[in-house]
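Accompanying notes for the structure given below.
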Amino acid sequence: MKNSPLFLRAGAALLALAGVLWNQQVYPPGEGVQLGRLPHRWITGGPRCMEVPDWQVHEYNPDFYILRQSGCTHFEKPFLYLIFGKEKAMLMDTGAGVNDVARIVFQTIAKWGERNKRSAMPLLVMHSHAHGDHIAGDKQFQNLPNVTFVAASVPELEKAFAIRPYPTGIGLIDLGGRKLDVIPIPGHEDNAVALYDRQTGILLSGDNLYPGRLSVRNWDAYVASAKRLTDFTEGKVITHVLGTHIEQKRTPFSDYVRGTLYQPEEHELALSRGHLLEWNDALQRSKDKPALLAMRDFTVIPRQGPRP
Ligand SMILES: [Zn+2]
Ligand SMILES: [Zn+2]
């Protein structure tokens, strides 16, 4: 190459560049999936709470936002999801403890509106499930004009998203040019649902599956839900499986003790369809008898009776 004519060297350079670009392509490109970026690390809570914002708003892409509540306001540090279609915005969950979730949500909607020249975007509020650390801010959205509020209860979910029969049917949320499938996944809690966002390929798995301690109140229902959710993803693009907490550390098989506010070495939020398969596989093997299943990135923990 050293002594070859200039045009040959230029050709080789172009081929090398094409190779780099080729390698950066995303497969499968034909699905029209809109990609985004997750942060390398989240603000968790501390080390100095005075310096930590109550909410971290992460723009995954211009129409998909992840809100994380600070551990300084509540140790559960839940993740909330705010998604925009052409006609409506949708919020999944309203946070834990005493919080000012409506302020941050409407601020984000206003910024989106400015950018997209849309004022008064209607908002749909729904939930991953009915536990207190996901519905604490509900009152801030109920009875507001321009807000459709769907309580975390099976009858309301059935009606709002046309899920029939429950829990084996699949419901639908249409935000205008953007559809999300609603998959009932009782087991961690009776009213739990997962959402599949067809636009980003993201599966929102709530408290049923995330990097941490997955507590199971109804073993049979949880195992059946895992199978239905896994079957649902068959043949679909799954870019990320995003849950609602992180308790796991980056070190395999280890987690932060319950109540930890500051988690500098926490596991990333995103799991993959590989984790979903691993989760379902372990559960199906233990389907006849509740068992503690310690996996690399999460632990399934059977618990008896309703949540205290
Ligand atoms: Zn829960
Ligand atoms: Zn939770």
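Restricted to region 131-152, and to residues that are away from ligand 1 (no atom under 16 Å from the Cβ), closer than 15 Å to L82 by Cα and not in a loop (DSSP other than H, G, I, E, B), which residue is most open to solvent (accessible area, probe 1.4 Å)? Selected residue: T148.
Which ones in region 126-170 are touching a residue at least 24 places away in the same chain (Cβ under 8 Å), away from ligand 2 (no atom under 15 Å from the Cβ) and among the β-branched types (V, I, T)? Passing the criteria: V147, T148, V150, V154, T168, I170. Quick check: anything in region 154-167 farther than 23 Å from D297 by Cα, assigned to a strand (DSSP E or B), modelled with pLDDT of 95 or more and open to solvent by 40 Å² or more (accessible area, probe 1.4 Å)? Within region 154-167, none of the residues are farther than 23 Å from D297 by Cα, assigned to a strand (DSSP E or B), modelled with pLDDT of 95 or more and open to solvent by 40 Å² or more (accessible area, probe 1.4 Å).
So, in region 188-244, how many residues would count as being of a type in the set (G, A, S), closer than 23 Å to R258 by Cα and in a strand (DSSP E or B)? Lay out the reasoning, then the answer.
Pass one, region 188-244, residues of a type in the set (G, A, S): 192, 194, 201, 205-206, 212, 215, 221, 224-226, 235, 243.
Narrowing further to those that are closer than 23 Å to R258 by Cα: 192, 205-206, 212, 215, 243.
With in a strand (DSSP E or B) added as a condition, the list becomes 205-206, 215, 243.
Here the count works out to 4.
Test T244 against the criterion of being within 14 Å of ligand 1 (Cβ to nearest atom), within 21 Å of H58 (Cβ to Cβ) and in contact with a strand residue (DSSP E or B) (Cβ under 7 Å, 6 or more places away or on another chain), and give yes or no. Yes: the conditions hold for T244.
Out of (1) touching a Pro at 6+ places or on another chain (Cβ under 8 Å); (2) in contact (Cβ under 8 Å) with a residue 60 or more places away in the chain, the odd one out for V223 is which? Result: V223 fails condition (1) only.
For region 249-308, which positions are in contact with a helix residue (DSSP H, G or I) (Cβ under 6 Å, 6 or more places away or on another chain) and assigned to a strand (DSSP E or B)? L293, P302 - these are the residues of region 249-308 that are in contact with a helix residue (DSSP H, G or I) (Cβ under 6 Å, 6 or more places away or on another chain) and assigned to a strand (DSSP E or B). In the set V237, V241, only one residue is surrounded by 20 or more Cβ atoms within 10 Å (Cβ to Cβ) and among the β-branched types (V, I, T); that residue is V241. I'd like to verify a number: residues in region 244-259 that are surrounded by fewer than 17 Cβ atoms within 10 Å (Cβ to Cβ) and touching a residue at least 40 places away in the same chain (Cβ under 8 Å), how many? Number of matching residues: 4.
What residue, among those in region 180-196 that are closer than 14 Å to M92 by Cβ and open to solvent by less than 10 Å² (accessible area, probe 1.4 Å), is farthest from ligand 1 (Cβ to nearest atom)? Walk me through how you get there before you give the answer.
Within region 180-196, the first condition is being closer than 14 Å to M92 by Cβ, and the residues that meet it are 180-183, 185, 191-196.
Adding the requirement that they be open to solvent by less than 10 Å² (accessible area, probe 1.4 Å) leaves 180, 182-183, 185, 192-195.
Numbers: L180: 20, V182: 17, I183: 16, I185: 12, A192: 8, V193: 12, A194: 13, L195: 15 Å.
Looking at residues that are closer than 14 Å to M92 by Cβ and open to solvent by less than 10 Å² (accessible area, probe 1.4 Å), I get L180.
The values are calculated or read from the model by the stated rules, or taken from the named source; none is laboratory data. Small disclaimer: the values here were computed from a predicted structure and weren't measured. Backbone-built Cβ (ideal geometry, glycine too); neighbour counts: all protein chains shown. Note: areas computed on protein heavy atoms with side chains; ligands, DNA, RNA excluded. Shrake-Rupley method; radii C 1.70, N 1.55, O 1.52, S 1.80 Å.
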